[in-house]
């Protein structure tokens, strides 16, 4: 177990036939576990600044989802059911439950299924800025188009870390040098030819298209079957999860266990755009 609350320990566990990597942030094992699940194409290190905030109250676990980060790629695909089954088996194998859950973006889609099928293992569920459907507004459609174009425009690889850094700097001039180097370090790996390529399995990209459309009705069904306390969390200025959909999700959760909140001033990035605001809202919810 990690002894420094700002330096996690790398660990691996075989889950549903895949070697899954996770970061154990340590803490008192008597404290409730908190699972952090990242967005599409992300990794557990996406929470490196957020995770230490929970050292006093939780035993924090950040998981590389299948096909992402340092976890194995899957030959069986990336359905939302498979992602959720990984979380369920992880909890049962480690004994780290009941747990609080915060899933951001793709982690929110996974969380809907976790809440429906593994809700008995969950104490509090937070669905972060992603719903069963895309935001239907013009701004939402534009955001989805921009994200797809951005992924298509990314080079297949980089010859050096500096080249990767320069490309990411062009994409967002507001990011600090430290944040960009962090992205380069944990997002890419050297392939057989020495080229820096994304760690994420390219097959996961299908989740942004027809797979997402197919899974929509199933995810709405899951929302209506969630059995644990749930917070639907959206960014106050998000163009990914619209307010109407967030409210519908919260209302569908049985037995009045659903609620919705907004992180002031944040877009889809939530804790990355207003870390203090996101932390405060989650802490209040976890204390209920």
Of residues in region 131-171 being at pLDDT 90 or above and assigned to a loop (DSSP other than H, G, I, E, B), the one surrounded by the fewest Cβ atoms within 10 Å (Cβ to Cβ): 156
Return yes or no: is residue 51 in the same structural domain as residue 221 (by TED's automatic domain parsing), surrounded by fewer than 22 Cβ atoms within 10 Å (Cβ to Cβ) and touching a residue at least 40 places away in the same chain (Cβ under 8 Å)? no
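Residue by residue, here is whether (1) outside the structural domain of residue 71 (by TED's automatic domain parsing); (2) touching a strand residue (DSSP E or B) at 6+ places or on another chain (Cβ under 6 Å) holds:
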{"position": "180", "(1), (2)": "yes, no"}
{"position": "188", "(1), (2)": "yes, yes"}
{"position": "225", "(1), (2)": "no, no"}
{"position": "232", "(1), (2)": "no, yes"}
{"position": "251", "(1), (2)": "no, no"}
{"position": "257", "(1), (2)": "no, yes"}
{"position": "277", "(1), (2)": "no, yes"}
Would you be able to say whether some residue in region 30-38 is in contact with a strand residue (DSSP E or B) (Cβ under 8 Å, 6 or more places away or on another chain) and surrounded by fewer than 19 Cβ atoms within 10 Å (Cβ to Cβ)? yes
Listed by first then second residue, the pairs whose first member lies in region 112-132 and is at positive phi, whose partner is surrounded by fewer than 21 Cβ atoms within 10 Å (Cβ to Cβ) and assigned to a loop (DSSP other than H, G, I, E, B), with beta carbons under 9 Å and at least 6 positions apart or on separate chains, are 129/267; 129/269
In region 60-75, residues that are touching a residue at least 24 places away in the same chain (Cβ under 8 Å) and either surrounded by fewer than 22 Cβ atoms within 10 Å (Cβ to Cβ) or assigned to a loop (DSSP other than H, G, I, E, B) (or both) total 11
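So, residue 13, is that one surrounded by 20 or more Cβ atoms within 10 Å (Cβ to Cβ) and assigned to a strand (DSSP E or B) or not?
No, not satisfied.
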In region 262-275, how many are crowded, with 19+ Cβ neighbours inside 10 Å and either in contact with a helix residue (DSSP H, G or I) (Cβ under 6 Å, 6 or more places away or on another chain) or not assigned by TED's automatic domain parsing to the domain that holds residue 53 (or both)? 3
Counted residues, region 63-79 - those being under 16 Å from residue 35 (Cα atoms) and modelled with pLDDT under 95: 0
Any idea which of 41, 26 is part of a loop (DSSP other than H, G, I, E, B), within 17 Å of residue 183 (Cα to Cα) and either touching a strand residue (DSSP E or B) at 6+ places or on another chain (Cβ under 8 Å) or at pLDDT 95 or above (or both)? 41
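The values are calculated or read from the model by the stated rules, or taken from the named source; none is laboratory data. Because the structure is predicted, anything quoted here is derived from the model rather than measured. Cβ coordinates were reconstructed from backbone atoms using ideal geometry, including for glycine residues, and neighbour counts include every protein chain displayed.
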